[in-house]
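Structure, as structure tokens:
What follows draws every value from the coordinates through simple rules; no lab data is involved. The shown structure was predicted, so the numbers you read here are calculated from the model rather than taken from an experiment. Backbone-built Cβ (ideal geometry, glycine too); neighbour counts: all protein chains shown.
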Amino acid sequence: MAFLIARASAGIALAAASAFSMAQTPPAPLSATDSDPVKLGWMQGSPPPADKQVTFQNGGQFPQIRWTLQHMREIVPSRNVWRGSGAAFELPRAERDWSGFTFTDDRGQKVGIDAYAERSYTDAIVVLHKGRVVLERYWSGMTPNTPHAVFSVTKSLTGVLASQLIAEGKLDPNAKVSSYIPELAGTAWDDATVQQTLDMTAGVKFREDYADPTSEVMQYAMSSGLVPTPPTWTGPRDTITFLKTLKKEGEHGAGFSYKTVHSEIVGWLVHRVTGKPFSQNLSERIWTRMGAENDASINIDRLGFESMGSGFNATARDLARFGEMLRNDGQVGGIFSRQQLVSKAAVDMIRAGGDREKFKAGNQAARPGYSYRNQWWILHNADGAFEASGIHGQYVHVNPKAEVVIVRLGSTPTAGNGPLHGLHMRAFQAIADTVR
């Protein structure tokens, strides 16, 4: 791959199994139409025929993964993120006619919504402009009420919770991680600060290369129970035990390097400071208060440790609500019913961005000019856009100047977003320019 999965805007879970499988016996990928899980008949029937069954063992392979990403709770253990007992916040609609919409893709060709969706294996796209739905489309059997795995978008939700705790004075960004989690003494995070961990500039020996079965990211996946383990596996069998094996590499704060394990540490910090897991914090602070339509969920390991770097599952509409809340500086509701769910200080902390020079050390060829701050990707473009991103094509893209939020969910044959990232950015910008 021109852009290594190790440098993708990624997370892990079953996608790691997908990359591992493809590294061994690369299949010729079917088109989006031909790999549609409904068309292929995955898991249809009582029981499904043997050749149409999707399991923990094969669910990370393509094309089965196109079904898996809409049914993650049926594949791996998970914990609920409750939406609360109140009424859902209705998303007002101002739908447009997109039949004539085109943009110039990265090949110099004019493409519309359907052609973009076909090329990028899109499962869902929801676009809000000033809080109103202007575009909502679904493919591959997905519906408005279907939860979808979002992989490393999870990191950004974890980052919002941590940013809020910093704004509340409950988490000191300059403190050593080990001052909150003494169990990490002697590990990579012994003398790393909270902020360095949030910005992924802490030095840790960890290769995020899904194509290499010996890489630490594959060891992490097996330890966490996110992918099948071989009979010869003698390593850790839970996430925390694995995290405690990782050692320092390089100098903390020297440069950006994308590594999922930092997000697990951030999530652990949130749990340690509040005494509540990610699922409860997110439910109490945001999901029950933003008018979500559906419960969400997060994957867990065999000891119940939540996968706060990659394990979240939610509907496109609820992710759009989450993005709209951030676009509105942490507020939800109408003029006379505003609620501040996340402080403006926390949102500003994220939108300020990180060190763009340090970001260059991460070899993010698909993201020139970006930075990374508190688990969010900051574009530093004229519109002040920032986004959450996960492998296989998951995005929550917030464009403050155009007053636009775009949620795009997908299930590409390969995990890394790099090859299609430019296409997505062209599409998102063209959509924003059309509605602004």
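What to note about this one:
- Anisotropy class of the chain from Cα gyration tensor, a/c 1.5 cut: rounded
- Burial ranking of peptide ranges 70-78, 355-363 (average Cβ count within 10 Å, highest at the top): 70-78, 355-363
- Remark on Phe312: its backbone amide H falls under 5 Å from those of Val150, Phe151, Thr154, Asn299, a criterion applied only to residues 5 or more positions apart or on other chains, H modelled at 1.01 Å from N.
- Residues whose amide H falls under 5 Å from that of Leu135, counting only those 5 or more places apart or on a different chain, are Val127, with hydrogens built in the peptide plane.
- Partners of Lys247 within straight-line reach, counting lysines whose Cα lies under 18 Å from its Cα and excluding those fewer than 8 residues away in the same chain: Lys176, Lys205, Lys259.
- The Cα atoms of the stretch 300-386 give a gyration tensor whose axes a ≥ b ≥ c have a/c of 1.5 or more with a/b no greater than b/c, which makes the shape oblate.
- Two-decimal log10 I(q)/I(0) for the stretch 19-143, as the Debye equation yields it once each C-alpha is a single scatterer, q = 0.13, 0.16, 0.21 Å⁻¹: -0.76, -1.02, -1.24
- Among 339-345, 83-89, the order from most to least packed when residues are scored by Cβ within 10 Å on average: 339-345, 83-89
- Kirkwood Rh (inverse of mean 1/r, distinct Cα pairs), the stretch 79-199, angstrom: 18.8 Å
- Report summary: the helix-based calculation at 222 nm, which adds -39500 (n - 2.57) for every DSSP H run with n ≥ 4 and divides by the residues of the chain, gives -8000 deg cm²/dmol.
- Flagged links, alpha-carbon separation over 23 Å, of Lys130/Lys155; Lys248/Lys344; Lys248/Lys276; Lys130/Lys344; Lys130/Lys276; Lys130/Lys360: Lys130/Lys155; Lys248/Lys344; Lys248/Lys276; Lys130/Lys276; Lys130/Lys360
- All distinct Cα pairs of the stretch 131-204 go into the 1/r average, and the inverse of that average, the Kirkwood radius, is 15.2 Å.
- Charging the Cβ of each Asp and Glu at -1 and of each Lys and Arg at +1, and nothing else, the dipole of the stretch 40-160 about its Cα centre rounds to 320 debye.
- Taking a ≥ b ≥ c as the square roots of the eigenvalues of the alpha carbon gyration tensor, the stretch 257-404 is oblate, as a/c is not under 1.5 and a/b does not beat b/c.
- Efficiency of FRET between His380 and Asn174 - r from beta-carbon atoms, R0 35 angstrom, step 0.05: 0.90
- Highest-first packing order for the peptide set 39-48, 262-271 is 262-271, 39-48, based on the mean count of other beta carbon atoms within 10 Å.
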